[in-house]
Every structure is written in structure tokens, then in C-alpha cells.
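Enquirer: Encoded as C-alpha cells, here's the structure I'll be asking about.
The values are calculated or read from the model by the stated rules, or taken from the named source; none is laboratory data. Here the structure is a predicted model, which means the values were calculated and not measured. FYI the Cβ positions are ideal-geometry reconstructions off the backbone, even for glycines, and counts take in every protein chain you see. Areas reflect the complete protein model, heavy atoms only, side chains present, ligands, DNA and RNA absent. Shrake-Rupley method; radii C 1.70, N 1.55, O 1.52, S 1.80 Å.
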Amino acid sequence: MATAVTAPPMDPKVSEFVATKQKLLINGKWVDAASGKTFPTYNPATGEVLANVAEGDREDIDRAVKAARAAFETGPWSQKLSPAQRAKLIWKLADLIEQHQEEFAQLESLDNGKPLKISRIADVPLTIENFRYFAGWATKIEGNTIPLTLANSSKFLAYTLREPVGVVGQIIPWNFPLLMAAWKLGPALAAGCTIVLKPAEQTPLSALRLGELIQEAGFPDGVVNIVPGYGETAGAALAAHPDVDKIAFTGSTEVGKLILQAAAGNLKKVSLELGGKSPNIILDDADLNAAVPGAASAIFFNHGQCCCAGSRLFVEEKVFDKVVEGVAQIAENIKVKPGFDPDCEMGPLVSEEQLNRVCGYLESGVREGAKTVAGGKRLGDRGYFVKPTVLVNTNDKMKVVKEEIFGPVVTATPFRDPKEIEARANDTIYGLAAGVWSRDIKKAHTIAAKLRAGTVWINCYNVFDPALPFGGYKQSGWGREMGHEVLEHYTEVKSVCASLT
Ligand code: NAI
Ligand code: MG
């Protein structure tokens, strides 16, 4: 992957894309919103309007669901395409993204604020590989033959079929806009579902560009519909729609609960990937040359805007000062700049709302007695930049320790006894991820077993792979993304039992 040494000129296709009013993708056509309304998406590095996008609402969602239903029930997708043909289309989409990777990297950096060098080496390649991984699954979704326990097996032939769940609504967040679209679309397409995707209102652009490539790849009309809009309107309409069979959501725990209520109307299936307050535990026998930068990147990667961010750092007493000093030093040295700046290591937060939310937590931490050893405030007065922050003198009851901040803010506390740490690490409503750093594999695996979290990283953090399931215990969600596990959300099991007599 090329790394820029000078600020890149904006790709002409990207300049053109952001200058054009973006529309909704419904039934294979780019259309205006029924209301004719548009909404702005902002450049978080400047706070200025970046692009204008058609604002989908209830009526547009309804049209998109009708298109997805028709594509599912009667279109070529459901009737004529074999799994191998579906696989080919998904793989072709991955190839097209690869051909346009620089455009996607730039769009993502502009709309979300993240460093261009990160979207180049993380968001875009992970998106491509995710689609390729799920292209492979399209031909491998199988049922079983079942020997009945009560009947003589010569009298019955019983087997299961795995069928697509139907029309799927997918609502995604703004922290990894393109990758979250890929996590959702990949398995749904592999399973043979049809989709209405609602990107986050803060970052709709990369999903819309993806829509153009979905068209170019040759997916039949109505298989993927993309309707940007606000959560309270377009999102809520999708979650409540009576003809949607399943809703997949990634975002806040608060909205996850609203999705669940909205889904109750027709008992649509629900999968949720929600918030976190993940513990990252460093034992005194850890390799600190790895653990210290590991702890910093666990929280500061993507500006802390990760559901699995290692936001509660627990360090064994003997090495506490050394670790905190090391993480604070890294925090102070991180170059916080606009994402397009070639020196940028951390960009702005995504929005003014997030800036205010994160700064509110910084104030509440200090008010409750925490001490700031790095960062602690906003940077400059243009754009939504916050200094990477390390807080100490915290206790487990403080808001900054209990609540998801979703910004570059870590709380660090010492512990004396590794046995005490499991209960403290689990003392949260969340259970998405955790980290353990130790040279002693027995200790590390023993702690990993006790942690109530969907992912435990040992001597690493934020390692993602399309083959590795990801999701939450407790209020971090329902179900798993990725791996073969995610296919359960997008398939129904049918038992077929035939008498042979
Ligand atoms: P959010 O949960 O409101 O937004 C996520 C998605 O849900 C967006 O597409 C939004 O339009 C949609 N949405 C919002 N309200 C909805 C509703 N009533 N019905 C259907 N869809 C709805 O998250 P927001 O407000 O952007 O961020 C707030 C906090 O949520 C963050 O500070 C962070 O703590 C958490 N969050 C967690 C994420 C994760 O990856 N688990 C991602 C984004 C935010
Ligand atoms: Mg919200």
C-alpha cells in the first residue's frame, strides 16, 4: 500500500463526487428523496459542509423495502442466480473497490476525519478482504441430514435447509463507515438476502460510492438499496417496517434498545453490535515494550471511536507508574491534525456533538477527582480535535470509568492482586472486548476465561479478521458479526421430513 510523503491532491473523482448532490439508491436507480429534502455532511477537520445528500425518510424507506421484497421474491437474485454466481458478484465488488481504493480512502478520511494513511491501510483493505471472505461462504451454506431418534431411519428422510432470512434492514454507524457497510452487506449477500442499508447521517458518502460499484458489478436491481437519512426518521422507519424480516444494527446501546422495541411489531429478527467499556489488563510480567504502545493504540486508534476501545486500563501495581508514564508520553507525542495532513496520526472527532460529549466527560472526570496526566482538552477552535488524554486517580464508580466516552480518553488504575482484577474488569454493563498482557500464558488464559467479553486479545489489541467472530456479551449486543457465526443471522433453518413408507 502506498504511503504519501506529501499532502495528496484530492483525487479528481472525489472532488467531483462531493460536489455532486448525492441521491438514494432504490431499485437500481439513483433517486431524490420523496420529500425533495437534502441534508449536509460536514468535514470534521473544518466544520464546513462537505457534501449534500438526499434525505431519506419513511416514504423512501418504504419504497426501498418494496424493491428489496420484489428482488427477494421474484427477481433474478432469488430465482436464477446460483450461489456461485452470487459469490462471483461479491468478489467482483471487492475487485472494483480495490481498483478505486484511493478514492474510498480519501472519501472516508474527508467524511469521518480519520487519517488518510489509516483509511488506506485499515478501512479500505479490511473492507475488500471482508467481501472476499464472504464471497467464499456463498457456496458453502449447507444444511444437515438428521437421523431421527424416535423413528427407524429407514422410514424417514430428514434434513435441514439453510435459507436466506429475507429482506434485511441494516443500520450502521459513522466510526468505520465503509467497513461497517461491508460487515453487514457481505454475509447478507452471501446468504442470498436483499437489503436496505441506512448509513449514519454523519458519514454517508463512502456507502453511496459503494452503491455505484454495486451497480457496476451487476447486482440485480433492488438487491441492495441505500437510503441515507437521520436515525430518528429513516432509521426508525426501517426498524419498525412490517415487511422487513431482520434488522442488523451497530451503534449506541441506547438506540439498540429502541431498535428492539421497534422490531417487536412484526417480531423481526434482531442482531445488535453496541457499546463497550473494555478493560485492558497489564500484568507486571508483561513485555512492556509491547504492552505500553499496545495500551496506547488500544484506546487511541480511530481517536477512541471504537466500540471495543481499551478505555479502562488496569495495571499491576509494580509497573503502574512506568506504564502510565509511557502511555502519557505516547499521547503527548501523537500528531493531531486534519486527516489529509501527511503527518496526521489522529484526526478530529466525527462531529460537534461528539466533541461536546467527549469534552463533557473530560470535565466530569476532573470534577469527580481524576487527575489528567496527558491531554485533557480540546485542541484549537476549528474542527473537532481533542487531545489524546490519560486520566489517573480514578475509582470504579466515576462516570469516566463507567460510561462509554467514545473518544481518545483512557482511565488508568493500579491493582494489587491479579485475582481481584477479574471482578473489577467485569464490573460493567458492557462485554464487548478485553485485553490481557502477560508473559505467563497460564495467567493470561486463566484471566481470558473469566472475562465476560465477546473478544479477548492476549498480548495484542484491535486485531480483526473476517474469519473471527466479533460481538458482545451483556449490553454490548446480540449475536456475532463475521466468521461463519454471522451467517446464522441471515439464514433460517428449515427442517424437511419425508416419509419413506
Ligand atoms: P447512534 O446509535 O444514535 O447512531 C448509530 C446509527 O443508528 C446511525 O445510523 C443513526 O442514524 C441510527 N439511529 C439513531 N437513532 C435511531 C433510531 N431511533 N432508530 C433507528 N436508527 C437510529 O449513535 P450516535 O448518536 O452517533 O453516537 C452516540 C454514542 O453511541 C457514541 O458516543 C458512542 O458511545 C455510541 N456509538 C457506538 C458505536 C459502536 O460501534 N458500537 C458506533 C457509534 C456510536
Ligand atoms: Mg444518536
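Enquirer: Tell me which residues, restricted to the range 181-206, are open to solvent by less than 10 Å² (accessible area, probe 1.4 Å), touching a residue at least 60 places away in the same chain (Cβ under 8 Å) and within 16 Å of ligand 2 (Cβ to nearest atom).
Expert: Across the range 181-206, the qualifying residues are 198, 203, 204.
Enquirer: Checking residue 453 against (1) more than 24 Å from residue 249 (Cβ to Cβ); (2) touching a Pro at 6+ places or on another chain (Cβ under 9 Å); (3) in contact (Cβ under 8 Å) with a residue 24 or more places away in the chain, only one condition comes out false. Which one?
Expert: Of (1) more than 24 Å from residue 249 (Cβ to Cβ); (2) touching a Pro at 6+ places or on another chain (Cβ under 9 Å); (3) in contact (Cβ under 8 Å) with a residue 24 or more places away in the chain, only one is false for residue 453: (1).
Enquirer: Right, another one. With the requirement that a residue be in a helix (DSSP H, G or I), open to solvent by less than 10 Å² (accessible area, probe 1.4 Å) and within 20 Å of residue 42 (Cα to Cα), what does the range 104-137 give you?
Expert: Within the range 104-137, 104, 105, 106, 107, 108, 109, 111, 112, 116, 119, 123 qualify.
Enquirer: Touching a helix residue (DSSP H, G or I) at 6+ places or on another chain (Cβ under 6 Å) and more than 16 Å from ligand 2 (Cβ to nearest atom): is that true of residue 386 in this structure?
Expert: When the stated conditions are applied, residue 386 passes them.
Enquirer: Scanning for something away from ligand 1 (no atom under 13 Å from the Cβ) and of a type in the set (D, E, K, R), does the range 222-242 turn up at least one residue?
Expert: So far as the range 222-242 goes, no, none of its residues is away from ligand 1 (no atom under 13 Å from the Cβ) and of a type in the set (D, E, K, R).
Enquirer: If you take the residues of the range 157-180 that are among the polar types (S, T, N, Q) and either in contact with a Cys (Cβ under 6 Å, 6 or more places away or on another chain) or not in a loop (DSSP other than H, G, I, E, B) (or both), which of them is farthest from ligand 2 (Cβ to nearest atom)?
Expert: It comes out as 160.
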